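The values are calculated or read from the model by the stated rules, or taken from the named source; none is laboratory data. Owing to the predicted nature of the structure, the values given are computational and were not obtained by experimental measurement. Heads up, the Cβs are rebuilt from the backbone with ideal geometry, glycines too, and the neighbour counts pull from every protein chain shown. Surface accessibility is based on the protein's heavy atoms, side chains included, excluding ligands, DNA and RNA. Shrake-Rupley method; radii C 1.70, N 1.55, O 1.52, S 1.80 Å.
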Amino acid sequence: MTLFLDIISTAAILFIVASGLLTIFGVLKIINFAHGAWLTIGAYCAVVANQLGLNPWLAAVLAFVTGAILGALAERFIVRPLYRRPLDAILATWGLGIVVGQLITLWFGRDVHFTPALLPGTLDVLGTSYSLYRLFAVVAALAIGIGFAFLLEGTRLGLSAQAVIMNENLARALGMDTTRIRLVTFMIGTGLAALAGVLLAPLTSVDPNMGVAWLTGAFMLVMVAGTSFGALAAACLIFGAAQVLVSIFLSPVLGGITVALLCAIVLRIRPKGFARA
């Protein structure tokens, strides 16, 4: 039972980390290589909230708002002029991530920080005592998935975003404000990235480079998933299970590279990944 819960919770954590990256890639068609920096920003929001003695749940709200606002600035002044040059946009976001990491280092130093879990303790699941916080991560991943399903299918913004994904030129010709859709999408993506940082903080140490370790896996998962959140969930479950099994039965070091390695193999065999042909 513990192994099953480890697989499910690991898949949930991977989904939470990669969802913000997929949000931006799905509409803007660029990979935000500053994603790791926004994860780090969110984690440091948790650190600041802990140091100030604030309710740890406020850190989640603070992180999402901070991530969204900084994302809006990045989209307006860095990413927007480069939409027609996607390679340059990728390089620009990569450089932005480095700059953000250095600014965090200047402000907080290189010390490692730790934050308490939002939900401490354990819960008995079919006779197995398991971390309550990791179970909460599963619920959070389901909430994000259901929330995006509703956003895409039940709101005007979601329907407009789908139109942009399918044919941006036609959407623009029909009078849709594609500039605003891109801005809001980027804000949601970076806000989710910062929120993921808050949720990750109790599970790992917080330092200025913590986001880099998660960026590679998230990037490969998004490449396999394409623009589908359903495909992303499937990829996280399959490769998350492989990561847990390799970590337990072979080596934690090998487990750390399992997701990226298997994603690369899948893309070599099937370039479209899990996306529909």
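Observations
- Neighbour net charge for Val47 - beta-carbon separation under 11 angstrom, K R +1, D E -1: -2
- Within the chain, the longest run free of exposed loop sites, counting trypsin sites (Lys or Arg not before Pro) that sit outside DSSP helix and strand states (H, G, I, E, B) and have at most 13 other Cβ atoms within 10 Å, spans 111-271.
- Taking every full run of DSSP H in the chain, the ones that stretch at least 20 Å from end to end by Cα along their long axis and average 0.0 or higher on the Kyte-Doolittle scale are 2-28, 35-51, 56-74, 86-108, 132-154, 178-200, 210-225, 229-249, 252-269.
- Label point 7 Å beyond Cα of Leu170 along Cβ direction - residues of the stretch 239-277 with amide nitrogen under 19 Å: 276-277
- For the pair Asp124 and Asp111, the difference between a 0.36 nm per residue extended length and the Cα-Cα distance amounts to 1.1 nm.
- Per residue solvent-accessible surface (Å²) - the stretch 71-180, probe of 1.4 Å: 64
- Remark: C-alpha extents of the stretch 72-190 on the principal axes read 58, 42, 19 Å, sorted largest to smallest.
- Distance histogram in 10 Å bins (all Cα pairs of the stretch 88-142, percent per bin): 19, 24, 22, 24, 9, 0
- Of Leu73, Leu126, Leu87, the one that fluctuates the most in a GNM where the chain has Cα springs shorter than 10 Å: Leu126
- Reference-scaled alpha-carbon Rg (2.2 N^0.38 Å with N residues) for the stretch 193-277: 1.14
- Kirkwood Rh in Å, taken over all unlike Cα pairs in the chain: 19.1
- When each of the peptides 258-264, 16-22, 46-52 is scored by how many other beta carbons lie within 10 Å of its residues on average, the order from highest to lowest is 16-22, 258-264, 46-52.
- Label point 7 Å beyond Cα of Leu73 along Cβ direction - residues of the stretch 4-47 with amide nitrogen under 17 Å: 34-35, 37-45
- Translational diffusion of the stretch 1-132 was estimated from the Stokes-Einstein equation, with Rh taken as the Kirkwood radius over Cα pairs; at 10 °C and 1.306 mPa s the coefficient is 94 µm²/s.
- Structure remark: mean-square fluctuation, Gaussian network model of the chain, C-alpha springs under 10 Å; the largest value among Gly26, Gly158, Gly217 belongs to Gly158.
- Share of carbon and sulfur in the accessible heavy-atom surface of the stretch 228-271 [1.4 Å probe, %]: 77
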